[in-house]
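Here is the structure we will look at.
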Amino acid sequence: MKKTFMVATAGVLLVAAFIIAAFLYNTQKANDLSNTAYQNAEFLVRDYSPTKGDPGAKVTIIEFFDPACETCRVFYPFVEQLMEANSGQVNLVLRYTPLHDGSDYVVRILEAARLQGKFWETLEAVFTSQPAWASHGQPQPEKLWMYLGRTGLDIEKARKDMRSPEITDRIRQDISDARQLKVSKTPGFFVNGKPLVQFGYEQLQALVESEVRNQY
């Protein structure tokens, strides 16, 4: 009986120690990411970054995304819902983090579309058609052109513009900024410069709503 009790007690203590260690690890991780974001705030937004929402909003969601990222596609409507639920109070800024093969090709298309004022329509088409062109085993980003007919995009002009040195520089800058901010997975979110440490829609919603309360 005594031996059983001691074994049970040791098991409880071991579990408790694990929970405490995990908590301390996550706390340290959150502090590290927050300090990195604070020290590198100038890398969060560039003047060329695509934006959506009220420019005067006091809350800004910054999302580092990869057009071939399945989670980015799934999260896109959730972010749209957050924008609608906090209309006039939240602004969205997108940054490129092309981690998958072929993603940089699609980023070039998106930037070419932005030059025509067709960024958001093209992004919708990119995510809608993602399963057709973004197979991680054998990506075929050239197939994306087949799905852009209804965006109003001047395809010929976009094909030319996507090769411009300016777009190349912007992609390199976004990749460099992501590294400075220690964004290694997509989507990576920051809200008013605060990183989303524990990933999830509810966590993002809580962070956004907290900032809205604080700012308004």
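The values are calculated or read from the model by the stated rules, or taken from the named source; none is laboratory data. For clarity, every value in this text was computed on a predicted model and none was experimentally measured. Ideal geometry is used to build each Cβ from the backbone, glycine not excepted, and the neighbour counts take in all protein chains shown.
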Original post:
How about the range 79-109: which of its residues are of a type outside the set (Val, Ile, Thr), within 25 Å of ASN192 (Cα to Cα) and in a helix (DSSP H, G or I)?
Top reply: GLU80, GLN81, LEU82, MET83, GLU84, ALA85
**OP:** Sort through GLU124, GLU80 and tell me the only one that's out of contact with any helix residue (DSSP H, G or I) (no Cβ under 6 Å at 6 or more places or on another chain), more than 20 Å from GLY188 (Cβ to Cβ) and in the same structural domain as ILE171 (by TED's automatic domain parsing).
**Re:** GLU124
Original post:
Among the residues of the range 164-186, is any in the same structural domain as ASP104 (by TED's automatic domain parsing) and under 19 Å from GLU80 (Cβ atoms)?
Top reply: yes
Original post:
Would a scan of the range 30-38 turn up a residue that is of a type outside the set (S, T, N, Q), outside any strand (DSSP E or B), under 27 Å from ILE171 (Cβ atoms) and at pLDDT 55 or above?
Top reply: no
Subject >> Residue count for the range 50-75, restricted to those that are modelled with pLDDT of 95 or more, over 15 Å from VAL208 (Cβ atoms) and surrounded by fewer than 19 Cβ atoms within 10 Å (Cβ to Cβ) >> reply: 5
Original post:
Is one or more of the residues making up the range 179-202 in contact with a Lys or Arg (Cβ under 6 Å, 6 or more places away or on another chain), touching a residue at least 40 places away in the same chain (Cβ under 8 Å) and crowded, with 19+ Cβ neighbours inside 10 Å?
Top reply: no
